[in-house]
1. Among 243, 260, 279, whose Cα lies farthest out toward the positive end of the dipole of region 226-325, if unit charges sit on the beta carbon of Lys, Arg (+1) and Asp, Glu (-1)?
2. Round to the nearest 0.05 the FRET efficiency obtained for residue 14 and residue 171 when R0 = 51 Å and r is the Cβ-Cβ distance.
3. Could you please state, rounded to a whole Å, how far the C-alpha centre of region 120-176 is from the C-alpha centre of region 57-107?
4. Tally up the carbon and sulfur contribution to the accessible surface of the chain as a whole percent, 1.4 Å probe, everything protein left in place.
5. Leaving ligands, DNA and RNA out of it, rank 175, 247, 2 by accessible area with a 1.4 Å probe, largest first.
6. Tell me the label-point distance for the pair residue 72, residue 162, using the 7 Å Cα-to-Cβ offset, in nm and rounded to one decimal.
7. Nearest 5 percent is fine: what portion of the DSSP beta bridges confined to the chain is antiparallel?
8. Averaged per residue, what accessible area in Å² does the chain show with a 1.4 Å probe, protein chains only?
Amino acid sequence: MKRDEVLELLRDASPLRHEELRRRADARRRDGLGDVVHLRGLLEVSNHCRRDCAYCGIFRGNREVKRYRLEDADIRQGARLAQARGYGTVVLQAGEDPGLTRERVAGWIRWIKENTPLAVTLSLGEREDEELAAWREAGADRYLLRFETSDQELYHRIHPDLPGRRSDRFLLLKKLRGMGYEIGSGVMTGVPGQSLASLADDLLLFRELDLDMIGVGPWLPHPATRLPHSQPLDRDQAPQGNVLALKTIALARILCPQANIPATTALATRDPREGRASGLLHGANVLMPNLTPAERRSSYDIYPDKAVLGDRRDGDEESLPAWLVSQGRSVGTGPGGRRRG
Ligand code: 5AD
């Protein structure tokens, strides 16, 4: 698929063409990966963050956020729970928190690897090379770091650099790959100032980077963030909402047939009834049930009213396998790493 075609499909507003695209992505997913859906248990280990991103609710300057950092015992319990529920992977995600020291995180990884069969995915932001290397050494398997947008002007505007350090997530992804991690990246859709043309570039980059995992969700305005909550009237502005996010997921599947792609929490938040199912119908093959201790979940407030798979409101955990079967899918077993060849 060429850039022209990608962009043309992103711009096309016809529901018929959308449905055609969806079917094509769904067929790709089925031919390449079958009906299996992998479950990754998500532990939001800390909501401390040293950055001031304009799109995110837990940015450093937000005084309203009740900050927390999970204890070692919470991590162990979360990993045990993931194992007991039959998930193959635990994802440790956090704000960019210097309080999560190299040793502390390495200790968690070692414990999980010694005591469970789980794959470990990290999503801890932009960290030092030696931290990333130490965590890989400790046994971490995968790293998630969305590049958010390939439009560098927009990226640096909404994701301010730390003093004296230019943020370069592409370079970091390359390093992570060199260390032997499976790498994941992705973008938000509908960020004010994001053009559909840049989104087409994002999609081609997914393929060029040969990503093992791709996460895409709609940008959801958080009341405390400084980005405008409505859209500029630019002709090529990427619109808010799930339709564009779903088309982007479908295109990602077509461009990267073997990547692991989740039906993201942002999709479910924007559309609690149908969001996850639509993701799975647009090429996604992964779900990420939330394992964060209940009293902390609402503090991991990257956007308002976050859906929590595992909560009543979003379909509780016990009914998940049956629900997947009702969708014509089945629950994956084992770590569910990226398939190659
Ligand atoms: N709406 C949607 N997605 C968001 N993220 C952060 N804030 C928001 C928001 N308000 C996404 C970013 C980040 C990932 C963990 O969550 O893409 O990389």
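1. Positive-end residue among those listed: 243.
2. 0.85
3. Taking the Cα centre of region 57-107 as reference, the centre of region 120-176 is 17 Å away.
4. That fraction is 50 percent.
5. Sorted by accessible area, descending: 2, 175, 247.
6. Once both label points are built, they end up 2.5 nm from each other.
7. Details: 3 of 34 bridges.
Around 10 percent of the beta bridges assigned by DSSP in the chain are antiparallel ones.
8. Result: 42 Å² per residue.
The values are calculated or read from the model by the stated rules, or taken from the named source; none is laboratory data. Remember, it's a predicted structure, so these values are computed and weren't measured experimentally. All Cβ positions, even for glycine, are placed from backbone atoms using ideal geometry, and neighbour counts span all protein chains on display. When the accessible area is computed, the model is the full protein with side chains, heavy atoms only, and any ligands, DNA or RNA have been set aside. Shrake-Rupley method; radii C 1.70, N 1.55, O 1.52, S 1.80 Å.
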